[in-house]
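To start, the structure itself, in structure tokens.
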Amino acid sequence: SAVISQKPSRDICQRGTSLTIQCQVDSQVTMMFWYRQQPGQSLTLIATANQGSEATYESGFVIDKFPISRPNLTFSTLTVSNMSPEDSSIYLCSVLPQTGVKTEAFFGQGTRLTVV
Amino acid sequence: EDQVTQSPEALRLQEGESSSLNCSYTVSGLRGLFWYRQDPGKGPEFLFTLYSAGEEKEKERLKATLTKKESFLHITAPKPEDSATYLCAVQVPNSGYALNFGKGTSLLVTP
């Protein structure tokens, strides 16, 4: 398994500002992902964080709004830019220690964001 | 389009009352089916991954099974601490290694 530390655990932000969320893993992992969980909803994939290159975004999510970095195999950041109340959600980092035939995916504790 | 449907949306059980949660899926080429437990305010906690029809996995009071169309999470003699939301997700080749989640089943076990 992998131990994932996500910071901050929660924040309350003013609209129009930006927040950067950090995801630190205790071991090198092959893949890292960012998900969003809106109130009362399930998880939606935002993007795959690619090490050393631009992230791969899902439909409905763009780099200008959710810039992502992944400088190495244990760390990634997600920035929520120019926030509005609609961005209030839980943001979750997920990792796959390895890819292949059989994989397990682990999640951080999440960042609960409230935009006022 | 790949879909994951969980039922029921919510389930209330008496302590010791066994039951099953369902996860039905329509996907092209299942790579794996994942079960997670999520407590309020926390990230999903990994429970099981199933890879092929007929596979079963157990952990304490939980047992997950997989067919070609659905998966069941059986809860035997549940306790109040089993109360949580249980999420099902699938991994398919055309989505890389990301997971496509169902909406979850909210389980409440009362003493």
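The values are calculated or read from the model by the stated rules, or taken from the named source; none is laboratory data. Computed from a prediction, not measured in an experiment: that's the story for all the values here. So basically every Cβ, Gly included, is an ideal-geometry build from the backbone, and we count neighbours across all protein chains shown. Ligands, DNA and RNA are stripped out before the accessible areas are found, and what is left, the full protein with its side chains, is counted by its heavy atoms. Shrake-Rupley method; radii C 1.70, N 1.55, O 1.52, S 1.80 Å.
Take the conditions open to solvent by less than 20 Å² (accessible area, probe 1.4 Å), out of contact with any Gly (no Cβ under 7 Å at 6 or more places or on another chain) and modelled with pLDDT of 95 or more and apply them to B:G54. Does it pass? Let's see the steps before the verdict.
Working: open to solvent by less than 20 Å² (accessible area, probe 1.4 Å): no; out of contact with any Gly (no Cβ under 7 Å at 6 or more places or on another chain): yes; modelled with pLDDT of 95 or more: yes.
For B:G54, the condition - open to solvent by less than 20 Å² (accessible area, probe 1.4 Å), out of contact with any Gly (no Cβ under 7 Å at 6 or more places or on another chain) and modelled with pLDDT of 95 or more - is not met.
Filtering the range A:54-75 down to residues that are within 14 Å of chain B (Cβ to nearest Cβ) and polar (S, T, N, Q), which residue is farthest from B:A84 (Cα to Cα)?
Among residues in the range A:54-75 that are within 14 Å of chain B (Cβ to nearest Cβ) and polar (S, T, N, Q), the one farthest from B:A84 (Cα to Cα) is A:T56.
May I ask you to list the residues in the range B:40-74 that are touching an Asp or Glu at 6+ places or on another chain (Cβ under 8 Å) and assigned to a loop (DSSP other than H, G, I, E, B)?
Answer for the range B:40-74, where residues must be touching an Asp or Glu at 6+ places or on another chain (Cβ under 8 Å) and assigned to a loop (DSSP other than H, G, I, E, B): just B:R61.
Residues to consider are B:E45, B:E81; find the one that is open to solvent by 50 Å² or more (accessible area, probe 1.4 Å) and more than 12 Å from chain A (Cβ to nearest Cβ). Explain how you work it out, then say what you get.
Details: B:E45 fails: more than 12 Å from chain A (Cβ to nearest Cβ).
Among B:E45, B:E81, only B:E81 is open to solvent by 50 Å² or more (accessible area, probe 1.4 Å) and more than 12 Å from chain A (Cβ to nearest Cβ).
Inside the range B:84-105, can you point out the residues that are touching a residue at least 24 places away in the same chain (Cβ under 8 Å) and either surrounded by fewer than 18 Cβ atoms within 10 Å (Cβ to Cβ) or in contact with a Lys or Arg (Cβ under 7 Å, 6 or more places away or on another chain) (or both)?
B:A84, B:Y86, B:Q91, B:V92, B:P93, B:N94, B:S95, B:K103
Out of (1) under 26 Å from A:E104 (Cβ atoms); (2) open to solvent by less than 70 Å² (accessible area, probe 1.4 Å); (3) among the small types (G, A, S); (4) at pLDDT 95 or above, the odd one out for A:S9 is which?
Every condition holds for A:S9 apart from (2).
Of the conditions (1) facing chain B (nearest Cβ under 9 Å); (2) over 11 Å from the mean Cα position of the chain (by Cα), A:L92 clears all except one; give me its number.
(2)
Please determine whether any residue of the range B:10-28 is in a strand (DSSP E or B) and facing another protein chain (nearest Cβ under 9 Å). Can you show your working first?
From the range B:10-28, those in a strand (DSSP E or B) are B:10-14, B:19-26; that's our starting set.
This time we only want the ones that are facing another protein chain (nearest Cβ under 9 Å), so: none.
Within the range B:10-28 (the criterion being in a strand (DSSP E or B) and facing another protein chain (nearest Cβ under 9 Å)), the answer is no, since none of the residues qualifies.
Given the criteria surrounded by 16 or more Cβ atoms within 10 Å (Cβ to Cβ), farther than 19 Å from B:R37 by Cβ and either within 11 Å of chain B (Cβ to nearest Cβ) or under 11 Å from the mean Cα position of the chain (by Cα) (or both), does A:F107 qualify? Outline the logic, then answer.
On the way: surrounded by 16 or more Cβ atoms within 10 Å (Cβ to Cβ): yes; farther than 19 Å from B:R37 by Cβ: no; either within 11 Å of chain B (Cβ to nearest Cβ) or under 11 Å from the mean Cα position of the chain (by Cα) (or both): yes.
No.
When A:I46 is evaluated against the numbered criteria (1) more than 28 Å from B:Q3 (Cβ to Cβ); (2) open to solvent by less than 20 Å² (accessible area, probe 1.4 Å); (3) part of a strand (DSSP E or B), which criterion, by number, is the only one it fails?
It fails just one condition, (1).
Restricting attention to the range A:13-34, and to residues there that are out of contact with any Cys (no Cβ under 8 Å at 6 or more places or on another chain), surrounded by 17 or more Cβ atoms within 10 Å (Cβ to Cβ) and in a strand (DSSP E or B), which single residue is modelled with the lowest pLDDT? Give the derivation first.
Going residue by residue through the range A:13-34, those that are out of contact with any Cys (no Cβ under 8 Å at 6 or more places or on another chain) are A:13-18, A:20, A:22, A:24-31.
Add one more test, that the residue is surrounded by 17 or more Cβ atoms within 10 Å (Cβ to Cβ), and what stays is A:25, A:29, A:31.
From the residues that got through so far, the ones that are in a strand (DSSP E or B) too are A:25, A:31.
Values: A:V25: 96, A:M31: 89.
Ranking the candidates gives A:M31 first.
Kindly indicate whether any position in the range B:23-35 is open to solvent by 10 Å² or more (accessible area, probe 1.4 Å) and within 18 Å of A:S94 (Cα to Cα). Talk me through it step by step, then tell me what you get.
Pass one, the range B:23-35, residues open to solvent by 10 Å² or more (accessible area, probe 1.4 Å): B:24-31.
In the following step, the residues that additionally are within 18 Å of A:S94 (Cα to Cα) were identified as B:31.
There is at least one residue in the range B:23-35 that is open to solvent by 10 Å² or more (accessible area, probe 1.4 Å) and within 18 Å of A:S94 (Cα to Cα).
For the structure I just gave you, tell me whether A:S1 is under 28 Å from B:Q6 (Cβ atoms), modelled with pLDDT under 95, open to solvent by 40 Å² or more (accessible area, probe 1.4 Å) and not aromatic (F, W, Y). I'd like the intermediate steps shown before the answer.
Values: under 28 Å from B:Q6 (Cβ atoms): yes; modelled with pLDDT under 95: yes; open to solvent by 40 Å² or more (accessible area, probe 1.4 Å): yes; not aromatic (F, W, Y): yes.
Yes, satisfied.
Within the range A:35-70, work out how many residues are among the charged types (D, E, K, R) and at pLDDT 95 or above. Outline the logic, then answer.
Going residue by residue through the range A:35-70, those that are among the charged types (D, E, K, R) are A:36, A:54, A:58, A:64-65, A:70.
When the remaining residues are screened for being at pLDDT 95 or above, the result is A:36, A:64-65, A:70.
The number of residues fulfilling the criteria is 4.
Being outside any strand (DSSP E or B) and more than 10 Å from chain A (Cβ to nearest Cβ) is the filter here, so list the residues in the range B:84-108 that pass it. Before the answer, list the steps.
Our first condition is that a residue be outside any strand (DSSP E or B); within the range B:84-108, this holds for B:92-99, B:102-104.
Hits for the range B:84-108 are B:V92, B:P93, B:N94.
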